[in-house]
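Since every read-out is calculated from the coordinates, none of them should be taken as a lab result. Nothing here was measured: the structure is a model prediction, and the numbers come from that model. Cβ atoms come from the backbone with ideal geometry, glycine included; neighbour counts cover every protein chain shown.
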Amino acid sequence: MYTDTPALQPIIPAYHVEILSAAQRQTLKSAALEVLSEVGVHCPSGKALKIYAEHGASVDFDRQIVRLAPEVVTAAMSHAPRRYTMAGRRPEFDLDLDGTRLYCATDGCGVETIDFETRQRRPSVKRDVATSARLADSLSSIGFYWPMVSAQDRPATAPLHELEAAFNNTVKHVQSETVMGEAAARYAIEMASVIAGGSASRRARPPLSLLVCCIAPLAQDKEGMESALAFAEAGLPVGFMSMANAGSTAPATIAGTVVTGDAEIVAAMTLIQMAYPGAPTFHSFMPGIMHPHSGAYLGTAWEGTLLYAVGVELAHNWGVPTLAGVFGTDAQVPGWQSAGDAASSLLLLALAGAETGAGLGLVESCTLLYPEALVLDSDIYHRVRLEAAGIDTSQEALALDVIRTVGPRGQFLRHPHTRRHLRRLEFSDLSAQPAVEGGYRDPLEAAREKVDWILMNHHPQPLEERQQAELDKILRTAEEELG
């Protein structure tokens, strides 16, 4: 028997904000095009260099530098789709990236975890990927799943084991950040075909997507680009992320960091559209700001939140969806800092029109999994979801007849309207929870208890035995080749 996964509750904003003026958007786009044309990007993949050269780029094969004239970029990017679907295992968990709602994912690629049972800190293993996938499956705030930590007990084929653990423990769409290299990509694509029910279904409803990080400043990763090309050929969505760091791998200004990161991402998306016009791609700008005293990468410095929101508008300026940075705190433990880092960024990104965002559940700059952090972040998510939805001003909501009936110094508590509508209000199940001895419980304690309850009671719909057997076969073959 399995537990039915709750319906998704995306953030559907009733109002919107613009961070950049039309003139600023054009200025930043022109600057990125100038960088691509005059400075270029480093690309160590011979396969990618050949595609660039065949489609009008200026390629220095010896130095592995690609320069892209503005007209070459705009011609290629004109094929990129503005809207597409990232599918779940079941249709009700499909994500339609139509620009009207924001779906969020867990954070990913952590390397350590606070053990779910012993509460001791240790390196992460495959079972942690599976457990956190099951936890994410139970939360209506999570639209799709990034494997939250790495399967370090499976070093040679960790990304593929992470996918197997994810597919077996959530019915939601899965997005990988770690499938690198064409050989690994081919196995991941084969796994996606098993989940989708064949190659045609995989293209129509892709259950898997890929995120590839650029190398700041202005460089690409050979294995990352070649896995991206394989995914695009297979019809699976692929996106590119810049983590340019203001002051070290990007200029020490907000605008300079934006231009550098945008150029990195656009160069990669241009390659995909050259090779496979119309392939679903997305833009992900998740920069940091270097702390001048320590050199640390700060993803949630005071001005960092603004950078993420600007990234949403950059993506739309190029005509593609975005994967925005949400949550992803620099805090060491869940608490005041992590909550402050999360709430303002999520609301701003939702109002800026982000289609997807990732970052729930990890601390220490996305390296450490605290089990209760995912539940705490989910609580903040629902607060933002309600804030972004605006207010109902219908006649029923205005309640003028009720106000007339009750009158001055009256009592609304026993009116039927109150009983009807109070039940419709949503409240946190972590905060303002009465304690047995009086007062209120610590939300951290309540979050830990909720995690334990979910893992004891929530069991997602398993894969069919045939699918499990096929995934096992793919993993065995991959380990023979790659291990």
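Odds and ends about this structure:
- Between Ser294 and Ser344, the FRET efficiency estimated from the beta carbon spacing at R0 = 22 angstrom works out to 0.40.
- In order along the stretch 393-404, phi translates into HN-Hα couplings of 10, 5, 4, 5, 6, 5, 6, 5, 5, 5, 4, 5 Hz, rounded to whole numbers, per the Karplus curve 6.51 cos²θ - 1.76 cosθ + 1.60 with θ = phi - 60° and x for Gly and Pro.
- Other residues lying with their Cβ under 14 Å from the Cβ of Ile391 contribute a combined charge of -2, Lys and Arg counting +1, Asp and Glu -1.
- Take every pair of alpha-carbon atoms less than 8 Å apart whose residues are at least six positions apart; their mean separation over the length of the chain yields a relative contact order of 20 percent.
- Relative contact order (%) - criterion: Cα under 8 Å, at least six apart; region: the stretch 305-388: 31 percent
- Count Lys and Arg as plus one, Asp and Glu as minus one, and take only other residues whose Cβ is under 14 Å from that of Ala232; the net charge is then +1.
- Efficiency of FRET between Thr253 and Val402 - r from beta-carbon atoms, R0 56 angstrom, step 0.05: 0.55
- Taking 12 Å as the cut-off, the amide N atoms of the stretch 149-163 that come nearer than this to a point 7 Å along the Cα-to-beta-carbon line of Arg122 belong to 153.
- Reachable aspartates and glutamates from Lys473, criterion Cα separation under 18 angstrom, eight or more residues apart if same chain: Glu162, Glu164, Glu190, Glu464, Glu465, Glu481
- Dipole in debye (nearest 20) - the chain, about Cα centre, beta carbon charges: Lys, Arg +1; Asp, Glu -1: 1120 debye
- From phi via Karplus (6.51, -1.76, 1.60), per-residue ³J(HN,Hα) for the stretch 30-44 in Hz, x at Gly/Pro: 4, 5, 4, 5, 5, 4, 5, 7, 9, 9, x, 10, 8, 9, x
- Arg448 sits among other residues whose Cβ lies under 10 Å from its own Cβ, and their net charge, with Lys and Arg +1 and Asp and Glu -1, is -3.
- Between helix 222-233 and the chain: long-axis angle, C-alpha atoms, 0 to 90°, nearest 10: 70 degrees
- Leading residue at positive end of dipole, the chain (Cβ point charges), from Phe285, Ser21, Ala232: Ser21
- Judged by the mean number of other Cβ atoms found within 10 Å, the most tightly packed of the peptides 83-89, 177-183, 349-355, 15-21 leads the ranking 349-355, 83-89, 177-183, 15-21.
- Stretching the chain fully between Gln337 and Tyr15 yields a gain of 113.2 nm (0.36 nm per residue, less the alpha carbon separation).
- Acute angle (nearest 10 degrees) that the helix 465-482 long axis makes with the longest principal axis of the chain, alpha-carbon atoms: 40 degrees
- Space enclosed by the convex hull of the alpha-carbon atoms of the chain, per residue, Å³: 177 Å³
- Spatially proximal lysines relative to Lys50 (Cα-Cα < 30 Å; intrachain offsets below 8 disregarded): Lys29, Lys222
- Between the stretch 124-167 and the stretch 308-381, the alpha-carbon center distance in angstrom: 19 Å
- Sequence ranges 231-243, 454-466, ranked by mean other-Cβ count within 10 angstrom, highest first: 231-243, 454-466
- The Cα atoms of the stretch 1-124 define a convex hull whose projected area, averaged across directions, is 14.3 nm².
- Packing rank of 257-270, 434-447, where each peptide gets the mean count of other beta carbons within 10 Å, highest leading: 257-270, 434-447
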